[in-house]
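The values are calculated or read from the model by the stated rules, or taken from the named source; none is laboratory data. Every value quoted in this text rests on a predicted model; they were computed, and no experiment measured them. Positions of Cβ are generated from backbone atoms using ideal geometry, with glycine treated the same way; all protein chains shown enter the neighbour counts. Only protein heavy atoms, including side chains, enter the accessible area calculation; ligands, DNA and RNA are left aside. Shrake-Rupley method; radii C 1.70, N 1.55, O 1.52, S 1.80 Å.
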Amino acid sequence: MLLDETIWRDKVFLGGAWTAGGGGTIDVVEPATGTVLGAVGRASAADVASAAESAAQAQKQWAATPHTQRAAVLRKAAQLWSEHAAEIADWNIREVGAIRGMAEFALHTAEQECYEASALPSRPYGELLPSEEPRLSLARRMPVGVVGVISPFNVPIILGIRAVAPALALGNAVILKPDPRTAVTGGVTIARIFEEAGLPPGVLHVLPGGADVGEALVEHPAVRVIAFTGSTAAGRRVAELAGRHLKRAHLELGGNSALIVLDDADLDAAVNLASFGSFFHQGQICMTTGRHVVHERLYDDYVERLAAKAAALPVGDPAREPVMLGPLIDAGQRDKVHGLVTASAAAGAKAVAGGTYRDLFYAATVLADVPADAPAFAEEVFGPVAPVARFSAPEDAVRLATAGGYGLSLGIVTRDVMRGLAVADLVPTGIVHINDQTVSDEANSPFGGVGASGTGGRAGGAAANVEAFTETRWVTVRGQAPTYPF
């Protein structure tokens, strides 16, 4: 078995070996039941220093490895995601709380991320430049060296592998810090995949831990680039710390993405899109549809149909029941979600479906007549909550969709595609879907947001990955040394 617990129990992956972490251990807890599934090692700041030194040494030889061999490791990793899909999916369901469809989508995406990354080593890595001097002038792309990846709990496989795979493919070493709540799915799994794929020791390290480990990773001088996915608040702290150390931080942060339903939309199609966009994976996705902006002509019917759909969605343990919504990750997240719902109700919103929970299972919730400044509309909820506001003129829709400063994903539902594109041009956002909801991800497409949602499309797609994980070096070559006047 790929995830044989005797290999990784109570350990971190450091220097090519499974070893005790300097910070003790972390229980692996199933959110649906509270059952302890095992334990992983907890890293310390000293472990980060050891990993960075090991990675810096291993990276030199890895970068010098022929591109065909690096590509072969990535292709083998892709195959392993497929070969061990059933085993990994079970962990994803139990540790993360994902329903099976979400768990399988994550595995498919991880496989595709590795296949896409496997094409990077053979890409041209520079360009010839004209020069007024008698010399060959070129710009060459070089690996940055050591890349730090900090990934969150919600979709831990995708949000780790989409940085790990291209960074490795381009000749870098990587230190991955997965969220301690999903350290097996988001950390152990990735380490074991690349261990079995033949990645040389020391090129990848996996160090689960808390904020102290993340801070040490950002601060260590050997780590030249940080790829962070998480909340906007945490991203600001990472960016500030990285800035003090003059290193790049690629930030994929929170979102409060809008679905704009124009007056000519197909109502049944819009409601289907809305339900999936808000309730898939319990709303614990950065691209979740967090604001429903609906034309007044369709508003009442839209709310009624969406509420009926929400009320019919089964909520429960995805490992044991055929459900559409599993548990939220922990009590803190549940209480945050419920606090935003109750505060919005106090501000005038009406809960027409849901607004209740049992243990960590939060019912699909629809809020109607939501004021624009209500917390559930103005803030990222990260739960299965659909706040619905009405508009009359297109400029009102744009105002509601842009309020708050987030700019990750936007969906627009309309029978007039060109009209939809015209509206989209008025909303700053990294992703636009016409006649689709806001949640979508493909390994070969650029991904990222603007404003409070991050630093742009630094993940997905060959151009974005090369930009993210290499540096540009200017090189000139002369046949003979020139003579200078002194």
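Please state which one of A403, A463 is at pLDDT below 95, over 21 Å from G255 (Cα atoms) and either open to solvent by less than 50 Å² (accessible area, probe 1.4 Å) or among the hydrophobic types (A, V, I, L, M, F, W, C) (or both).
Values: A403 fails: over 21 Å from G255 (Cα atoms).
Of A403, A463, the one residue that is at pLDDT below 95, over 21 Å from G255 (Cα atoms) and either open to solvent by less than 50 Å² (accessible area, probe 1.4 Å) or among the hydrophobic types (A, V, I, L, M, F, W, C) (or both) is A463.
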Item to check | Flag if R305 is modelled with pLDDT of 95 or more, of a type in the set (D, E, K, R) and buried (at least 22 other Cβ atoms within 10 Å of the Cβ) | outcome: no
Next on the checklist: Testing G339 on (1) out of contact with any helix residue (DSSP H, G or I) (no Cβ under 7 Å at 6 or more places or on another chain); (2) surrounded by 22 or more Cβ atoms within 10 Å (Cβ to Cβ), one condition comes back false. Which one is that?
Outcome noted: (2)
Next on the checklist: When you scan segment 17-37, do you find a residue that is within 23 Å of the chain's Cα centre (by Cα), small (G, A, S) and either open to solvent by 10 Å² or more (accessible area, probe 1.4 Å) or under 14 Å from V206 (Cα atoms) (or both), even just one?
Outcome noted: yes
Item to check | Filtered residue count, segment 447-459, keeping only those that are crowded, with 23+ Cβ neighbours inside 10 Å and farther than 7 Å from G430 by Cβ | outcome: 4
Item to check | Which listed residue is under 18 Å from R100 (Cα atoms), hydroxyl-bearing (S, T, Y) and buried (at least 24 other Cβ atoms within 10 Å of the Cβ), from S257, S278 | outcome: S278
Item to check | Flag for L273 being modelled with pLDDT of 95 or more and closer than 25 Å to Q59 by Cβ | outcome: no
Checklist outcome for this item: The number of residues in segment 139-171 that are surrounded by fewer than 24 Cβ atoms within 10 Å (Cβ to Cβ) and either under 17 Å from G202 (Cβ atoms) or among the hydroxyl-bearing types (S, T, Y) (or both) is 3
Checklist entry - Can G235 be described as closer than 24 Å to A58 by Cα, touching a residue at least 12 places away in the same chain (Cβ under 8 Å) and open to solvent by less than 10 Å² (accessible area, probe 1.4 Å)? => result no
Checklist entry - Since A51 meets every condition but one in (1) open to solvent by less than 10 Å² (accessible area, probe 1.4 Å); (2) part of a strand (DSSP E or B); (3) not acidic (D, E), which condition does it not meet? => result (2)
Next on the checklist: Every residue in segment 109-129 that is without any contact (Cβ under 8 Å) to a residue 12 or more places away in the chain and either surrounded by 15 or more Cβ atoms within 10 Å (Cβ to Cβ) or in a helix (DSSP H, G or I) (or both), please.
Outcome noted: none
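Between L199, L262, which is more than 16 Å from the chain's Cα centre (by Cα) and either at positive phi or open to solvent by less than 10 Å² (accessible area, probe 1.4 Å) (or both)?
Numbers: L199 fails: either at positive phi or open to solvent by less than 10 Å² (accessible area, probe 1.4 Å) (or both).
Step by step, each of L199, L262 is checked, and only L262 is more than 16 Å from the chain's Cα centre (by Cα) and either at positive phi or open to solvent by less than 10 Å² (accessible area, probe 1.4 Å) (or both).
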Checklist outcome for this item: Checked segment 178-194 for anything in contact (Cβ under 8 Å) with a residue 40 or more places away in the chain and open to solvent by 10 Å² or more (accessible area, probe 1.4 Å); matches are P180, R181, R192
Checklist entry - Does V48 count as in contact with an Asp or Glu (Cβ under 8 Å, 6 or more places away or on another chain) and over 22 Å from G283 (Cβ atoms)? => result no
Item to check | Count - residues of segment 365-383 that are more than 18 Å from A397 (Cβ to Cβ) and either of a type in the set (D, E, K, R) or modelled with pLDDT under 95 (or both) | outcome: 2
Item to check | Hits in segment 63-82 - residues which are in contact with a Pro (Cβ under 6 Å, 6 or more places away or on another chain) and either among the charged types (D, E, K, R) or buried (at least 23 other Cβ atoms within 10 Å of the Cβ) (or both) | outcome: R70
Checklist entry - Residues of segment 83-106 being among the charged types (D, E, K, R), in contact with a helix residue (DSSP H, G or I) (Cβ under 7 Å, 6 or more places away or on another chain) and open to solvent by 10 Å² or more (accessible area, probe 1.4 Å), which ones? => result R100, E104
Next on the checklist: Between a residue in segment 153-168 that is among the basic types (K, R) and any residue that is modelled with pLDDT of 95 or more and in a helix (DSSP H, G or I), which pairs come within a Cβ distance under 7 Å, given they are 6 or more apart or on different chains?
Outcome noted: R162/E113
Checklist entry - Residue check: is I175 more than 18 Å from D330 (Cβ to Cβ) and open to solvent by 10 Å² or more (accessible area, probe 1.4 Å)? => result no
Checklist entry - How do the pairs read when you match residues in segment 72-94 that are closer than 30 Å to S122 by Cα and of a type outside the set (S, T, N, Q) with residues anywhere that are open to solvent by 40 Å² or more (accessible area, probe 1.4 Å) and outside any helix (DSSP H, G or I), using Cβ under 6 Å and keeping only pairs 6 or more apart or on different chains? => result V73/G198
